[in-house]
1. Would you list the strands (runs of 3 or more DSSP E) that sit entirely within the range 97-162 and hold 2 or more residues that are over 21 Å from residue 82 (Cα atoms) and not hydrophobic (A, V, I, L, M, F, W, C)?
2. Of all residues in the range 55-93, which are in a loop (DSSP other than H, G, I, E, B), at pLDDT 95 or above and surrounded by fewer than 20 Cβ atoms within 10 Å (Cβ to Cβ)?
3. Yes or no: the range 15-23 includes at least one residue that is more than 25 Å from residue 141 (Cα to Cα), of a type in the set (Ser, Thr, Tyr) and out of contact with any Pro (no Cβ under 8 Å at 6 or more places or on another chain).
4. Could you tell me how many of the residues in the range 79-104 are touching a residue at least 60 places away in the same chain (Cβ under 8 Å) and under 18 Å from residue 164 (Cα atoms)?
5. Among the numbered criteria (1) surrounded by fewer than 14 Cβ atoms within 10 Å (Cβ to Cβ); (2) of a type in the set (S, T, N, Q); (3) free of Cβ contacts under 8 Å to residues at least 40 places away in the same chain; (4) closer than 15 Å to residue 44 by Cβ, which one does residue 111 miss?
Amino acid sequence: MAKRAGVHEGYLNGKLLAAMPTIGDPRFERTVIYICAHNEEGAMGLVLNRLVESLDFPDLLTQLGIDPGGFGDEIRIHFGGPVETGRGFVLHSSEYLQEGTLQVDDKVALTATVDILRDMAAGQGPRRSLLALGYAGWGAGQLDREIQENGWLTLDPDEALIFSEAVDEKWDQAIAKLGLDLSKLSSLSGHA
């Protein structure tokens, strides 16, 4: 049975983060991150707009001993973040649920089992998905501090943005969704 992410006031489960131009960490410049879990112990999310160019889905399946089948050649592998980069996660539409799936909200779920990769290879996976290696993680209170220090902008989830194939356009789309003028963003840093 799938688990449901606890949604508590002040936590960002299911929200998107867009890095401010002043983020100061090259690993996160111009990134958009989907927050899968956020609570008093910390936060975990997946970068939505960076690809792993050195590996494709059929190669990954072969490495895992899974028959690549005839499906999934178009599935790209994302760099989910700098933590546990050898671990895979599939962010996906919520009609696909299995044991171990974390249902983040009504439309999006997260599964980190080999079974979902088998289903995707067989053409029986979720309707929409994003496969990522690694994740972005924050310790207790760390994400809240980074937001207060103008490192991140938060925005409501957008399924089209999350699962868009236009990886290079996601950050611009997220900023546009907020209605911000990019030329003025860097001047916002340090102002309340």
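The values are calculated or read from the model by the stated rules, or taken from the named source; none is laboratory data. Nothing here was measured: the structure is a model prediction, and the numbers come from that model. Note: ideal-geometry Cβ built from the backbone for every residue, glycine included; neighbour counts use all protein chains shown.
1. Fully inside the range 97-162 and qualifying: nothing.
2. Within the range 55-93, just 82 meets the criteria.
3. No, the range 15-23 contains no residue that is more than 25 Å from residue 141 (Cα to Cα), of a type in the set (Ser, Thr, Tyr) and out of contact with any Pro (no Cβ under 8 Å at 6 or more places or on another chain).
4. Final tally of qualifying residues: 2.
5. It fails just one condition, (1).
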